[in-house]
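Worksheet for the structure shown next.
None of the figures in this text is laboratory data; all of them are computed from the coordinates on show. Everything numeric here is computed off the predicted structure, so don't read it as measured data. Note that each Cβ is placed from the backbone with ideal geometry, even for glycine, and that neighbours are counted across all protein chains shown.
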Amino acid sequence: MSVLLLAAIAIPGGLLAMLTAARPRVSLILGGGSGLLSLVVAASIRASDTVPVAGIVVAGSDGLRTIALSWAAGILLLAVAEVLVGHTGRILGPSLVAFGASVVAVAVADAGLGFALLTAGGVAAAVGPLVVPASGREQTALGLRALRAMAVAGLTALLAVAWGASPAGPFAAADPLGAVDPALEMGLGLGFLAVVAAVVIRLGAIPAHAWAARFADSAPTAAVPATLGWGAAAFALVALSWVDITIAPTTAPLEGERTVVALVAAASVILGGLAAILRDDIEHVLGYSIVQDAGIALLAFSAFRPESASAGRDWLVGMVAVKSGLAAWVLVTRSTFGVRRVSELRGWARRSPILGAGFVMVLIGAIGVPGMATFTARGVLTELGLGSPFDLIVLLAAFAPVAYLGRILVIGVDQVSEPVRLAQGLDVRVRGFSPGGWTGSAAVAAVRALPEATRANRLVLAAASALLVAAIGLSVAATGLVASSDPRAGAGSDREAALVASLR
Amino acid sequence: MSLILAGVALAVTVGAVIAVSTREARVALIGLVVTLGLGPFLADPLPEPAVLGVRVISGLLIVFVLQAVARGDHRGLGSRIGWPAEALLAGGAAITGLALGAGLGGIAGGAPDPPGGPNDLLIALTPAGLGLAAGLGSMAVGLAPALLGRSGLRVAIGLVVLCQGVILTRTGAAGTPGSLEQVGLAGLLLALGIAGGVLAARAVPAAPSGSELPVP
């Protein structure tokens with residue numbers, strides 16, 4: 001019930017926040033209130049929380065709780081950071097709609113419903129911040145591009161699911177004890193490639209990276225995690241479960257198809273990392289680092305083994321949490337120093353140690369250390385998804401964050417550049433308030449001084465918000481999703497039961 | 001029953017062709033009303049009345065939003081290859097859908113041969129075949145404006161027609177979706193239609209007269 005309650009709070013709350021965007025304060029109160037309530041409800045999701053709705057089981061899990069809590073906290077903290085750096089908090093409404101729809105999508109047993117909800121939520125998250133409250137011609141073009149990408153990915157996945165459930169699909173046509181018919185094998189290959197193509201487009205992996213790179217560059221930075229991070233990861237989670245249940249149990253080897261997927265994944269890892277290293281714009285670095293992460297996630301599709309699916313889930317959730325921290329850092333850094341080129345950011349960490357601490361957390365999360373869930377997952381995915389020696393080459397390329405994030409950190413402790421030196425508001429300031437003891441009047445004075453103190457320290461507080469997002473990201477990357485708490489475990493077992501029933 | 005469903009499938013496909021072919025925004029929206037309004041009835045068994053209501057009302061809501069958008073100056077509507085070519089495209093795709101439906105029926109060990117033998121045209125008029133026919137027909141004409149259209153309104157109409165085509169194809173291939181999935185699909189249509197409409201309202205048409213093909 002908690003999953004449905006969460007959706008019932010987040011989706012209407014987000015829609016109301018979007019509809020009242022012309023009045024930013026009202027929108028912020030509605031969105032912030034819904035976000036806080038969603039966070040509380042997300043904490044109450046349990047594995048035993050299973051509700052049948054109109055014949056479809058909506059199942060909670062420990063993994064889903066991790067996703068929902070991290071995502072909800074990220075939305076709120078990013079919105080706080082966005083408001084503090086001078087924007088209107090326009091990402092709050094669209095992000096909440098996407099959040100509510102995605103949580104239900106991951107919790108249900110029906111992949112068709114999952115893809116429909118994820119696409120609807122993705123459209124809201126991508127287009128909402130570009131049109132609310134106003135947009136220019138460039139933003140409109142960007143919105144159309146993102147809308148097309150979302151639609152193509154979602155509709156392709158829906159068609160593949162329709163084939164899977166049709167009389168020509170494996171549930172009806174496969175012989176559970178015999179070899180796979182050549183016609184069915186071809187169908188399995190096409191269905192598999194269709195779903196992976198949808199994932200490639202939705203994640204923004206190479207060769208479908210153009211829209212994602214443009215989005216990361218030109219859309220509000222705070223909107224990037226909901227569109228290219230959490231929302232895309234949820235899409236890949238549903239696709240991974242569908243492949244696990246529809247394609248993997250058959251005896252069809254699909255070697256050619258898996259090789260194609262592995263090639264696309266390797267290209268994304270190598271070229272995405274290279275582009276992130278060569279780019280000088282921090283928003284481009286964010287965009288291409290997401291492209292590289294998508295490549296590693298795709299490796300989960302190229303090996304039909306439970307270990308690779310489990311590692312893929314760990315990687316997806318851990319990396320989007322870490323990249324939410326990077327997005328928060330980019331948002332606050334750009335607003336604080338007024339520049340977006342890495343070369344102009346010399347000495348940024350010396351001027352803002354809070355931002356520096358947050359960035360170090362992002363760096364650790366992105367590179368990983370032995371024992372961290374994402375570190376292990378990356379090794380497993382490259383080993384199972386690629387043959388030797390290509391796995392070593394791709395694994396080496398997957399450590400590109402050492403170069404592109406390490407460079408930003410090294411520049412951060414260098415001599416302070418002129419734009420960084422001129423930046424204001426980086427020191428903690430308390431004006432008009434001096435504690436006068438534990439009296440009622442002192443408390444009233446403290447409350448009265450709060451708005452002014454917030455205004456005076458808005459950039460420090462924004463940096464603190466970014467630090468918190470990075471801390472959440474690091475903790476999720478360290479722990480991952482425990483194997484037994486697969487967010488779609490309940491959904492999968494129900495689907496398997498349906499499969500067995502249909503085969504009988 | 002099959003003849004009624006055939007009529008519905010024909011109307012849905014014709015509505016889709018009109019929606020993407022005409023240069024008049026109002027006529028295009030009338031085509032869209034037919035496609036979105038009748039599409040949910042192209043299923044056997046029919047969904048529950050409440051679900052049908054949700055699907056039809058969400059379709060009307062999309063048209064309402066697009067109608068508000070269409071009040072402005074929206075050049076770029078209409079097909080450059082013209083409605084006869086679009087109709088042929090849809091017809092070809094629909095015939096493919098009917099054949100696929102018959103094939104699926106055979107795999108599933110479906111209906112016995114009709115009175116006229118296995119080559120009788122009536123064998124193809126199964127609910128699955130008709131759903132696939134209307135779905136593939138709508139997808140065939142919706143694809144180009146959705147992906148290549150330059151006018152915001154044309155893209156929005158194309159996306160809605162394409163999505164409706166996918167939903168009909170899904171219904172034809174795998175049977176009537178469950179109630180919750182129908183609501184999810186209605187939400188998807190709404191999201192695409194409203195997002196496309198809002199973007200169309202803010203877009204300035206790039207081409208003086210409309211199509212996805214470059215002017216020679």
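Could you tell me which residue out of B:136, A:236, B:45 lies farthest along the dipole of the protein assembly as shown toward its positive end? Charges go on the beta carbon: Lys and Arg +1, Asp and Glu -1, centred on the Cα centre. Final value for the positive-end residue is A:236. Take the Cα of residue A:393, go 7 Å toward its beta carbon, and the backbone nitrogen atoms of region A:256-270 under 15 Å from that spot belong to A:260, A:262-270. If R0 is taken as 56 Å, the Cβ-Cβ distance between residue A:183 and residue A:5 corresponds to a FRET efficiency of 0.75. Mean partner shielding of peptide B:138-145, defined as the number of other chain Cβ atoms within 10 Å of each residue Cβ, is 1. Which residue, chosen from B:159, B:148, B:61, occupies the Cα position most advanced towards the positive end of the dipole of region B:2-202, where the dipole is computed from +1 (Lys, Arg) and -1 (Asp, Glu) charges on Cβ about the Cα centre? Positive-end residue among those listed: B:148.
Three principal axis extents of region A:65-204 based on alpha-carbon atoms, in descending order, are 64, 37, 18 Å.
Compared with the dominant Cα axis of chain A, that is its longest principal axis, helix A:282-298 is turned about 20°.
The mean number of partner chain beta-carbon atoms within 10 angstrom of a residue's beta-carbon across peptide B:155-163 is 3. Annotation for residue A:429 and residue B:57: the two label points, set 7 Å from Cα along the Cα-Cβ direction, are 5.4 nm apart. Under the simplified labelling scheme, the residue A:19-residue A:443 pair shows an inter-label distance of 3.9 nm, with each label point 7 Å from Cα along Cα→Cβ.
Under unit Cβ charges (Lys, Arg +1; Asp, Glu -1), what dipole magnitude, rounded to 20 debye, does region B:2-202 have relative to its Cα centre?
On the way: 10 positive and 8 negative charges, 183 e Å.
Magnitude of the dipole: close to 880 debye.
In terms of surrounding Cβ atoms within a 10 Å radius of their Cβ, A:115, A:375, A:192 rank from fewest to most as A:375, A:192, A:115. In a reduced charge model with +1 at each Lys and Arg Cβ and -1 at each Asp and Glu Cβ, chain A shows a dipole moment near 1860 debye about its Cα centre. Phi angles across region A:220-235 convert, under the Karplus curve 6.51 cos²θ - 1.76 cosθ + 1.60 with θ = phi - 60°, into 3J(HN,Hα) values of x, 4, 5, 7, 5, x, 5, 8, 9, x, 4, x, 5, 5, 4, 4 Hz, Gly and Pro given as x. Residues whose amide H comes within less than 5 Å of that of residue A:57, counting only those at least five positions distant or on another chain, are A:109 (H built at 1.01 Å from N in the peptide plane). Along the axis of the charge dipole computed for region A:310-465 (Cβ charges of +1 for Lys and Arg, -1 for Asp and Glu, origin at the Cα centre), the listed residues A:319, A:456, A:358 are led at the positive end by A:456.
Can you sort B:194, A:290, A:29 from fewest to most other Cβ atoms within 10 Å of each residue's own Cβ? Don't skip to the answer; put the middle values down first.
Details: B:194 22, A:290 30, A:29 15.
Going from sparsest to densest Cβ surroundings: A:29, B:194, A:290.
For the protein assembly as shown, the Kirkwood hydrodynamic radius comes to 26.2 Å, computed from all pairs of different C-alpha atoms.
The mean count of C-beta atoms from other chains within 10 Å of the C-beta of residues in A:159-171, rounded to a whole number, is 5.
Exposure proxy shown here: for A:209, A:284, the number of other Cβ atoms within 10 Å sets the order, fewest to most, as A:284, A:209. Each residue of region B:2-202 gets 101 Å³ once the volume of the Cα convex hull is shared out per residue.
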